[in-house]
Amino acid sequence: MSELTTLRLGGPARSLVEARSEFELLAAVRGEPGPLLLVAGGSNLVVADAGFPGTVVRVLTAGVEERERDGCVELTVQAGEEWEPFVARCVAEGLAGVESLSGIPGSIGATPIQNVGAYGQEVAETIVSVRVLDRERDVVEELPAGDCGFAYRSSAFKRTPGRWVVLAVTFALERRELSAPLTYAELARTLAVAPGEGAPLADVREAVLALRRGKGMVLDPVDLDTVSAGSFFTNPIVEEGAFAALEERAAEHGRPPGFPEPDGRVKTSAAWLIERAGFQRGHGNPSGIAISSKHTLALTNRGQGTTAELLALAREIAGGVRDRFGVDLVPEPTLVGVDWP
Ligand SMILES: Cc1cc2nc3c(=O)[nH]c(=O)nc-3n(C[C@H](O)[C@H](O)[C@H](O)COP(=O)(O)OP(=O)(O)OC[C@H]3O[C@@H](n4cnc5c(N)ncnc54)[C@H](O)[C@@H]3O)c2cc1C
């Protein structure tokens, strides 16, 4: 599996099937009575050193259909298509809605799984529906976005692993020169626009790519800081009372970042907590697993790492944050064959 994951980690799979059409994908999944793991870009996967004792199905389906509807452009994209060229195409065609998600590796079909997001945008904003195989009921159906349970870095698909196979995703994008209002302060600053204003799509894409490269968040075969699964931890969302308690415990470091959620809870920054708990960039084993030298949230494999070592470092960090601030960190990638915590 180390050849199929961006972390370059994971032992052997019992068997591997490649699915290049929806027909092949359905046949591969339906024909498999035992444990099954879908893998596309492998950029959000941590697989045990012992490997996977079942069938790995590689999602390599392809194809994009474009149509005009209700003043929008709808694009239905097969699950195995790569996300980043899709974003490039949308920006080049003047279609707004995914430009801030430039540079994210992986496939179209995985984007609804954790409601992929970055720089103030997430795919839930533009997904109209997701075509799935529901393995529980053995039916292929089109799930409207409202039925996908999208939340911050989560969805019904992520909360019930194994039930749904994403076959295709339909996005609705607006033909517009300017992006949606930019809510992410760092991005607005880079583009020299006031937060809440839009900017030309191509400018937003270039600015996002530059910011991401600076953090090692665009895959680059010669940059070890990109040998990761992206952010290893999600930003914690805590009850209002727990955030007040965090403010007290963190007082010596200043006020922790706090972003109100619609349900009254507060989202804080995992990177801020990790750094203030004493873990700096580069911490770890320079030839094994270490925190990226460019981004506190990314755990990287410097060449000789193992999944056991990755998990050990992740537990050390999460334990340090819990002891210091009383906040539990939750891993973002899908963990296969390994327990957390
Ligand atoms: C350098 C780097 C930067 C990143 N930056 C971001 C970021 O900014 N924002 C963000 O949200 N994520 C980010 N990620 C994480 C990752 O790129 C995304 O989660 C991406 O959508 C994963 O796609 P994938 O095809 O690689 O999925 P995989 O890693 O192959 O699979 C991920 C999960 O989805 C399941 N899955 C895959 N395809 C299907 C399917 N067709 N049907 C059902 N289940 C499926 C897999 O079984 C697995 O559980 C980053 C990762 C890296 C390495």
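The values are calculated or read from the model by the stated rules, or taken from the named source; none is laboratory data. Here the structure is a predicted model, which means the values were calculated and not measured. Neighbour counts are summed over all protein chains in view; Cβ atoms, including those assigned to glycine, are modelled from backbone coordinates with ideal geometry. Quick note on the areas: whole protein, heavy atoms, side chains included, nothing else; ligands and nucleic acids left out. Shrake-Rupley method; radii C 1.70, N 1.55, O 1.52, S 1.80 Å.
Classify region 104-221 from the C-alpha gyration tensor, please: rounded if a/c falls under 1.5, else prolate or oblate depending on whether a/b exceeds b/c.
Cα axes put region 104-221 in the prolate bin.
Loop-only trypsin sites (Lys or Arg not before Pro) in region 95-144, please: DSSP not H, G, I, E or B, and at most 13 other Cβ atoms within 10 Å.
Qualifying residues, ordered by number: R137.
What list of ³J(HN,Hα) values in whole Hz, one per residue of region 136-153 in order, does the Karplus curve 6.51 cos²θ - 1.76 cosθ + 1.60 (θ = phi - 60°) give from phi, with Gly and Pro shown as x?
5, 9, 6, 10, 9, 8, 9, 8, x, 3, x, 9, 8, x, 5, 8, 4, 6
For an R0 of 41 angstrom, estimate the FRET efficiency from the Cβ-Cβ distance between R30 and Y152 and round to the nearest 0.05. Each step should come with its number before you reach the end.
Numbers: r = 32 Å, r/R0 = 0.79.
Plugging the Cβ-Cβ distance into 1/(1 + (r/R0)^6) gives 0.80.
Relative to the Cα centre, what is the charge dipole magnitude of region 181-261, using +1 at the beta carbon of each Lys and Arg, -1 at the beta carbon of each Asp and Glu, and rounding to the nearest 20 debye?
The dipole magnitude comes to about 240 debye.
Name the residue, out of L310, L101, L16, whose mean-square fluctuation peaks in a Gaussian network model built on the chain with Cα pairs under 10 Å.
L16
Quick one: dipole size for region 67-155, taken about the Cα centre, charges +1 on Lys/Arg Cβ and -1 on Asp/Glu Cβ, in debye to the nearest 20. All intermediate terms of the calculation are to be shown ahead of the outcome.
On the way: 7 positive and 16 negative charges, 27 e Å.
The dipole magnitude comes to about 120 debye.
Please sort through the DSSP H helices of the chain and keep those with an alpha-carbon extent of at least 18 Å along the long axis and a Kyte-Doolittle average not below -0.5.
Helices meeting the criterion: 201-214, 307-325.
Which of rounded, prolate or oblate describes the chain when judged by the alpha-carbon gyration tensor and an a/c cut-off of 1.5?
Oblate is the answer for the chain, as a/c is 1.5 or above yet b/c matches or exceeds a/b.
Students sometimes get this wrong: rank E197, E68 by accessible area, probe 1.4 Å, all chains present, largest first.
The ranking, largest first, comes out as E68, E197.
On full extension of the chain, what length is gained from D263 through L178, given 0.36 nm per residue of separation minus the C-alpha to C-alpha distance?
27.6 nm
Give me the extension gain from A202 to E18: residue separation times 0.36 nm, minus the current Cα-Cα distance, reported in nm with one decimal.
Roughly 62.8 nm would be gained on extension.
When the chain is treated as a GNM, springs tying every alpha-carbon pair under 10 Å, which of W83, W164, W272 comes out with the largest mean-square fluctuation?
Maximum fluctuation in the GNM of the chain, among the listed residues, is at W272.
Which net charge results for the neighbourhood of E18, defined as the other residues with beta-carbon distances under 11 angstrom from its beta-carbon, given Lys and Arg at +1 and Asp and Glu at -1?
Result for the neighbourhood of E18: +1.
Could you tell me the center-to-center distance, by alpha carbons, between region 111-149 and region 237-267 in angstrom?
30 Å
Determine the distance separating the Cα centre of region 45-84 from the Cα centre of region 274-294; give it in Å without decimals.
32 Å
Based on the Cβ-Cβ distance of A62 and A242, what FRET efficiency does E = 1/(1 + (r/R0)^6) give at R0 = 45 Å, to the nearest 0.05? Kindly include the intermediate steps, with their values, before the conclusion.
Working: r = 45 Å, r/R0 = 1.01.
Approximately 0.50, to the nearest 0.05.
What is the list of residues in region 260-288 whose amide nitrogen lies under 17 Å from a point 7 angstrom out from the Cα of E252, following Cα to Cβ?
273-280
Would you work out the relative contact order for the chain, in percent, from Cα pairs under 8 angstrom that are 6 or more residues apart?
So the answer I get is 16 percent.
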